[in-house]
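The values are calculated or read from the model by the stated rules, or taken from the named source; none is laboratory data. Model, not experiment: these values are computed from the prediction. So basically every Cβ, Gly included, is an ideal-geometry build from the backbone, and we count neighbours across all protein chains shown.
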Amino acid sequence: RNFKRLMECRTDIERLNAPFLAIYESLIPPEEEKEKQKQLLTSLEKLVCKEWPDARLYIYGSCANSFGFSKSDIDVCIAIDQDINKSEVLLELADIFQSDNLQNVQALTRARVPIVKLKDPVTGISCDICINNVLAVVNTKLLRDYAQIDVRLRQLAFIVKHWAKSRAVNETYQGTLSSYAYVLMCIHFLQQRKPAILPCLQGMETTYAVTVEEVECTYFDQVEKLRDFGARNKETIAQLVWAFFNYWAYSHDYTNSVISVRTGSILSKQSKDWTRRIGNDRHLICIEDPFETSHDLGRVVDKYSIRVLREEFERAAEIMQRDPDPCTALFKPY
Ligand code: 3AT
Ligand code: MG
């Protein structure tokens, strides 16, 4: 009888593949959007290079890591190879952009990552521009490389991000997690499936190496050679979404565990000395940054928001288990 019930659950779950894939497809940005982003980058580059001829502009974040939705803002990093005062340069940039008729220009010099914000009236694209945040450009490449290995990563991360945005748990200023953290949770999860769907690129032979701000970033980036890596695992997107929420609702050891994409495994909080609160770092959910390994992406989470997060994971797991119409319930606006 148990076997029969298990098989019934299986077919129930499989019914969700089509709607999940439809949501995924509907969120993928169309080619013409990518073109517009490139156009905007080129015109910004011209403006910036008038003042700083050696500056280079990079798109990072979701528009470049392949986990961006249609119509999302773009994140741009200006690399200037000189000794500069970031705040001064940001204020100068704000003046330059303002004079060029860009809209809503605003310099946020006191933010954790200081930026200039603007909106381009021609393409309608909003943009956050930072300076010399090269590690973010490198972690963008790592995420993009992982996405090319198995399409299920991009599908899972789109569903998880869409869920997090709908349920208002993608707000770092309110103590919930960044999109970057959710994508790392998905990569880690697929590294841990049996058989594994993703490898651990930082545990393989080095084919890509850069040193940024004293952090050595090395990994295997010839991902075109890994296209069959996950083929032995036949799990579908519906099964993976179900298992992802189950993992974070019921299986993750919040007291002792740190998830680590860098090692493709779970580390102990003890081994990282993340066992007690220091300043504002409470380590209530621990996600190790793949390059800045002393950096816990869960550090924004506090004793109130950890409850919100865990209740949302449980809610999602319950819905996947029992709700007659999981797609509606899962993404119901909070
Ligand atoms: P959205 O689609 O905009 O929600 P995103 O991937 O652009 O997602 P964020 O806007 O949260 O993600 O962040 C932009 C990039 O900045 C992503 C990542 O390359 C970098 N980044 C974000 N948070 C951190 C962090 N805490 N540590 C290091 N890099 C980070
Ligand atoms: Mg972004």
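Pairs under 6 Å by beta carbon, first residue in contact (Cβ under 8 Å) with a residue 40 or more places away in the chain in segment 61-72, partner assigned to a loop (DSSP other than H, G, I, E, B) and near ligand 1 (Cβ under 6 Å from one of its atoms), six or more apart or different chains?
Short answer, once both residue conditions are applied: 62/68; 62/72.
Before we move on, is residue 109 farther than 30 Å from residue 27 by Cβ, of a type in the set (S, T, N, Q), more than 16 Å from ligand 1 (Cβ to nearest atom) and in contact with a Lys or Arg (Cβ under 8 Å, 6 or more places away or on another chain)?
Criteria met by residue 109.
What residue, of 258, 210, 215, is surrounded by 15 or more Cβ atoms within 10 Å (Cβ to Cβ) and either over 25 Å from residue 303 (Cβ atoms) or hydroxyl-bearing (Ser, Thr, Tyr) (or both)?
Result: 215 is the single residue among 258, 210, 215 that is surrounded by 15 or more Cβ atoms within 10 Å (Cβ to Cβ) and either over 25 Å from residue 303 (Cβ atoms) or hydroxyl-bearing (Ser, Thr, Tyr) (or both).
Taking interchain pairs and intrachain pairs at least six residues apart, which have beta carbon atoms under 7 angstrom, with the first residue in segment 36-49 and touching a residue at least 24 places away in the same chain (Cβ under 8 Å) and the second among the small types (Gly, Ala, Ser)?
Short answer, once both residue conditions are applied: 48/55.
Could you identify the single residue in 170, 139 that is in a helix (DSSP H, G or I), closer than 24 Å to residue 258 by Cβ, at pLDDT 95 or above and not hydrophobic (A, V, I, L, M, F, W, C)?
139
Taking the criterion of being surrounded by 19 or more Cβ atoms within 10 Å (Cβ to Cβ), within 14 Å of the chain's Cα centre (by Cα) and either part of a strand (DSSP E or B) or of a type outside the set (Lys, Arg) (or both), would at least one residue in segment 189-205 satisfy it?
Yes; the residues of segment 189-205 include at least one that is surrounded by 19 or more Cβ atoms within 10 Å (Cβ to Cβ), within 14 Å of the chain's Cα centre (by Cα) and either part of a strand (DSSP E or B) or of a type outside the set (Lys, Arg) (or both).
Check residue 128 against each of (1) part of a helix (DSSP H, G or I); (2) closer than 18 Å to residue 48 by Cα and name the one condition it does not meet.
Condition (1) is where residue 128 drops out.
For segment 62-103, enumerate the residues that are of a type in the set (Gly, Ala, Ser) and away from ligand 2 (no atom under 16 Å from the Cβ).
Listed by number, the residues that qualify are 79, 87, 94, 99.
Please go through (1) touching a helix residue (DSSP H, G or I) at 6+ places or on another chain (Cβ under 9 Å); (2) part of a helix (DSSP H, G or I) for residue 254 and return the number of the only condition it doesn't satisfy.
Residue 254 satisfies all of (1) touching a helix residue (DSSP H, G or I) at 6+ places or on another chain (Cβ under 9 Å); (2) part of a helix (DSSP H, G or I) except (2).
Working only within segment 48-68, note down all residues that are more than 13 Å from ligand 1 (Cβ to nearest atom), in a helix (DSSP H, G or I) and surrounded by 16 or more Cβ atoms within 10 Å (Cβ to Cβ).
Scanning segment 48-68 gives a single hit, 48.
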